[in-house]
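Structure below; questions to follow.
What follows draws every value from the coordinates through simple rules; no lab data is involved. Here the structure is a predicted model, which means the values were calculated and not measured. Cβ: placed from backbone, ideal geometry, glycine included. Neighbour counts: every protein chain shown.
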Amino acid sequence: MSKDNIVGWLEQEDTELALMGLRERKKLMVFFEGHVSYHTHDQALSRTVLKELSFSTTERRRQDIDQIMHSTYSKLMKLIERARRDKRVTKEMYTGTMAWSSFALYYHLLQGYLCGFHTEDEFRKSLHNALFGLLS
């Protein structure tokens, strides 16, 4: 999968950013659902992608990963900032930390799911509960 394909896929998530009527953890779940669907489709490829994200070996690959992660974090931060502006998240935490923590929880649980440690249902439930804990 090329960087352009991943960036294009991330751009499709803009529709999730427009969902204003859902509670914040549900918005984050919707955000991550696109990622989950993608990774569920071809788990062997997804394990390879996760390894590359975790252990890139070339400068070019690191630049690609930086671009992808910047896009992901920017979208998460927009969700969080919008929720703060609308007074739906009042927890005192730096927006960047909350975005990073959300993705870290997702990424950790995704690794367990893709390695067969969790079923898809367990993964989704754990993610929902982890996001609830982060935002509460």
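Kindly state, to the nearest 0.05, the FRET efficiency for His128 paired with Gln43, given R0 = 22 Å and r defined as their beta-carbon distance.
That pair, His128 with Gln43, gives E of 0.60.
Starting from the Cα of Lys26, draw a straight line to each of the lysines and keep only those under 22 Å, dropping any in the same chain fewer than 8 residues away.
Result set, ordered by chain and number: Lys75, Lys78, Lys87, Lys91, Lys125.
Step through the residues of region 102-118 one at a time and calculate ³J(HN,Hα) from phi using the Karplus curve (6.51 cos²θ - 1.76 cosθ + 1.60, θ = phi - 60°), rounding each to whole Hz and writing x for Gly and Pro.
Working through the residues one at a time gives 4, 5, 4, 4, 4, 4, 4, 5, 4, 4, x, 5, 5, 8, x, 6, 10 Hz.
Going 7 Å from the Cα of Lys78 along its beta-carbon direction, which residues of region 32-56 have the amide nitrogen within less than 17 Å of the resulting point?
Zone members listed by number: 32-35.
Pop the C-beta distance of Thr119 and Glu52 into the FRET formula with R0 = 22 Å and round what comes out to the nearest 0.05.
0.30
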